[in-house]
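Undergrad: Below is the structure I would like to discuss, written out as structure tokens.
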Amino acid sequence: MGELYRNVVANSKDANAWKADQRAWLAQRDRCADAGCLRSEYQTRLVILRSAEPAAQWAGHWWRIDPSGTNGSELAITKPTPKGFDFDLNASAGANTGELSGKAIVQASTGARFDGDADSGTEGCSLVFKRVLNRLKIEQKGDDATCGAGAGVYFDGTYVASDKNPNPPPDLVSLGVLPSKAQDDALRKLLGKDYDAMVATANTIDTEKDHADGNAVTAVSMAVRGVACNTKSILMFDDKGHLWAAIWEPASDSSSNVVELRYYTNVPKDKDSLPKTIAENREACSGDTVRVRMMP
């Protein structure tokens, strides 16, 4: 981060503004109380420092900074004039999505505003756009439904301009699920291609040590908002390198309501039986049949 920051300051036409911006970020970072917050702050800052300032004042393709990889949003701004611009937003929260299009009215050289109306079904929804150095901040007023989006889907956040998604692919360390890269590497080796399937379920994360299999093991439950009953996972681990993992997904080889539970472990004696914590959460959505596969 330090190297990127020094490079930005050295090549910027507004070095003092960047220095003030960095001091503000450092103050925000220092308010973190845990490693998960620190990871998120650094990942967000790295995306900002790697992003170039767009040539046009407003027009372009913008992406919301999203360290989690599960709450993405794209913004296209077109037809800019001194008075306003057209915009199209597409955002997600797990399996839920939302779209919002409209015309924002420019209120200052770095600020604009959109207000919904009854005709479009967005009355009470407003977006405030603000340019800050190389990024665009959106503040949303009005809840998800008011702004015409699915449950938990919002359009606010910090966006940077890019032709492609600037967010690095998340992993279970960056998401705060696993505490170390060594554990993450061991899990990747155990799960193979299913590692990515587990990361994709980390839309909601619940970590607990008080569970059916005892306090020596940490259990993390993950699920995709909107389809949480049949697209989920449980990861269990201890400080001795033992791993137990289960992934639920709708079966790809069936058109009926079949959910496949794939179970992995590196503990030989546990390869043929589900741990209590996983067994207690075996069922999926009402009406689904769960098919268990004990993986090698």
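Readers should treat all values here as calculations from the given coordinates under stated rules, not as data from a laboratory. Keep in mind it's a predicted model, so treat the numbers as computed, not measured. Every residue, glycine as well, gets a Cβ built from its backbone with ideal geometry; the counts of neighbours run over all protein chains shown.
Undergrad: Once you sort the root eigenvalues of the Cα gyration tensor of the range 171-229 as a ≥ b ≥ c, which label holds: rounded (a/c under 1.5), prolate (a/b larger than b/c) or oblate (the other case)?
TA: Oblate shape, in that a/c is at least 1.5 and b/c is the bigger or equal ratio.
Undergrad: Please give me, ordered by residue number, the trypsin sites (Lys or Arg not before Pro) of the range 190-250 that lie in loop per DSSP and have at most 15 other Cβ atoms within 10 Å.
TA: Sites meeting the loop and neighbour criteria: K193, K209, K240.
Undergrad: Would you pull out the residues with amide H under 5 Å of L178's amide H, same chain only if 5 or more places away, H placed 1.01 Å from N?
TA: V173
Undergrad: Would you work out if the range 147-193 is rounded, prolate or oblate? Take a ≥ b ≥ c from the square roots of the eigenvalues of the alpha-carbon gyration tensor; rounded if a/c is under 1.5, else prolate when a/b is larger than b/c, oblate otherwise.
TA: Judged from the Cα gyration tensor, the range 147-193 comes out prolate (a/c at least 1.5, a/b above b/c).
Undergrad: Right, next: Based on Cβ point charges of +1 for Lys and Arg and -1 for Asp and Glu, what charge dipole magnitude is obtained for the range 2-161 about its Cα centre, in debye rounded to the nearest 20?
TA: With only Lys, Arg, Asp and Glu charged at Cβ, the dipole is about 840 debye.
Undergrad: I'd like the distance separating the alpha-carbon centroids of the range 169-193 and the range 1-60, in whole Å.
TA: Here the two parts' Cα centres lie 26 Å apart.
Undergrad: For the range 2-161, state the average projected area of the convex hull of the C-alpha atoms over all orientations, rounded to one decimal in nm².
TA: Dividing the Cα hull surface by four gives the mean projection, 10.0 nm².
Undergrad: Here's a follow-up. Suppose a student asked you for the relative contact order of the chain, using Cα pairs under 8 Å spaced at least 6 residues apart; what percent would you report?
TA: Computed value for the chain: 12 percent relative contact order.
Undergrad: Continuing with this model, one more query. How high is the relative contact order of the range 65-206, given as a whole-number percent (alpha carbon pairs under 8 Å, six or more residues apart)?
TA: 21 percent
Undergrad: Next up: For the range 181-294, with the dipole built from +1 on Lys and Arg beta-carbon atoms and -1 on Asp and Glu ones, taken about the Cα centre, which of F237, G226, H211 lies farthest toward the positive end?
TA: The one lying farthest along the dipole's positive direction is F237.
Undergrad: Per residue and in cubic angstrom, what volume does the convex hull of the Cα atoms of the chain have?
TA: 167 Å³
Undergrad: Let me ask something else. Please give the calculated 222 nm ellipticity per residue for the chain, where each DSSP H segment of at least 4 residues contributes -39500 (n - 2.57) and the sum is spread over every residue; nearest 500 deg cm²/dmol?
TA: Calculated mean residue ellipticity at 222 nm is -6500 deg cm²/dmol.
Undergrad: Ok, one more. Put +1 on the Cβ of each Lys and Arg and -1 on the Cβ of each Asp and Glu in the chain; which of T277, G157, M294 then has its Cα farthest toward the positive end of the dipole?
TA: G157
Undergrad: Quick one: putting +1 on the C-beta of Lys and Arg, -1 on the C-beta of Asp and Glu, what dipole do you get for the range 115-208 around its Cα centre, in Debye to the nearest 20?
TA: About 600 debye.
Undergrad: Give the cross-link partners of K79 among the aspartates and glutamates, using a straight C-alpha distance below 16 Å as the criterion and excluding same-chain residues fewer than 8 apart.
TA: Reachable aspartates and glutamates: D88.
Undergrad: Additional query: In percent, what relative contact order does the range 1-120 have, based on Cα pairs under 8 Å that are 6 or more apart in sequence?
TA: 14 percent
Undergrad: Regarding the range 1-45, what is the average projected area of its C-alpha convex hull, in nm²?
TA: 3.1 nm²
Undergrad: Oh, and also: Taking a quarter of the surface of the convex hull around the Cα atoms of the range 51-129, what do you get in nm²?
TA: 6.0 nm²
Undergrad: Which is farthest toward the positive dipole end of the range 126-252 among L172, T146, L187, measuring Cα position about the Cα centre, with Cβ charges +1 (Lys, Arg) and -1 (Asp, Glu)?
TA: Result: T146.
Undergrad: Right, here's the next one. Kirkwood hydrodynamic radius of the range 181-294 from all distinct Cα pairs, in Å?
TA: The Cα-based Kirkwood calculation yields 14.3 Å.
Undergrad: Let me ask something else. Would you mind classifying the range 118-270 by shape? Square roots of the alpha carbon gyration tensor eigenvalues, ordered a ≥ b ≥ c; an a/c under 1.5 is rounded, otherwise it is prolate if a/b is larger than b/c and oblate if not.
TA: Cα axes put the range 118-270 in the prolate bin.
Undergrad: Could you give the size of the charge dipole of the chain about its Cα centre, using +1 on the Cβ of each K and R and -1 on the Cβ of each D and E, expressed in debye and rounded to the nearest 20?
TA: For this selection, approximately 1020 debye.
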